[in-house]
1. So in segment 68-85, with the set limited to residues that are touching a strand residue (DSSP E or B) at 6+ places or on another chain (Cβ under 7 Å) and over 14 Å from Q3 (Cβ atoms), which one is surrounded by the fewest Cβ atoms within 10 Å (Cβ to Cβ)?
2. Could you please find all residues in segment 34-65 being among the small types (G, A, S) and either surrounded by 14 or more Cβ atoms within 10 Å (Cβ to Cβ) or in a strand (DSSP E or B) (or both)?
3. Quickly run through segment 51-67 and pick out the residues that are aliphatic (A, V, I, L, M) and in contact with a strand residue (DSSP E or B) (Cβ under 8 Å, 6 or more places away or on another chain).
4. Pairs needed: first member in segment 18-35, in contact (Cβ under 8 Å) with a residue 12 or more places away in the chain; second member anywhere, hydroxyl-bearing (S, T, Y) and surrounded by fewer than 21 Cβ atoms within 10 Å (Cβ to Cβ); C-beta distance under 8 Å; at least 6 residues apart or different chains.
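Each value in this text was obtained by applying a stated rule to the coordinates, not by laboratory testing. On a predicted model such as this, the values are computed, not experimentally measured, just so you know. A quick note on method: Cβ atoms are made from the backbone with ideal geometry, for glycine too, and the neighbour counts reach across all protein chains shown.
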Amino acid sequence: MKQFEYTIHDPLGIHARPAGMLVKEAKAFADTVVTITKNGTTVKATQLMKLMSLGVKQGDVVTVAAEGANEDAAIIAISNFFQNNL
């Protein structure tokens, strides 16, 4: 399993548009489970409504983890997504 922590910089946090884009990015790695954790609550990055229910705001620290056959490629892609969009 690969993981990283990220502090959200987007003033609106993980809102509808970037959440939808994140789900699409995570679904590209069908054989790898990507999860987002905030304050002990973990959800799969492919589940839009659960992702939105985390209520991630600017300044929150989230842990992103990837586990599966393509975890290396997935963690790089998701890390780049966070840096460019959140």
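1. Of segment 68-85, the ones touching a strand residue (DSSP E or B) at 6+ places or on another chain (Cβ under 7 Å) are 68-72, 74-75, 78-79, 82.
With the extra rule that they be over 14 Å from Q3 (Cβ atoms), the set shrinks to 69-70.
Details: A69: 11, N70: 15.
Top of the filtered list is A69.
2. Narrowing segment 34-65 to residues among the small types (G, A, S): 40, 45, 53, 55, 59, 65.
Passing the criteria: A45, A65.
3. Within segment 51-67, the first condition is being aliphatic (A, V, I, L, M), and the residues that meet it are 51-52, 54, 56, 61-62, 64-66.
Hits for segment 51-67 are L51, L54, V56, V61, V62, V64, A65, A66.
4. V23/T46; A26/T46; K27/T46; V34/T46; T35/T42
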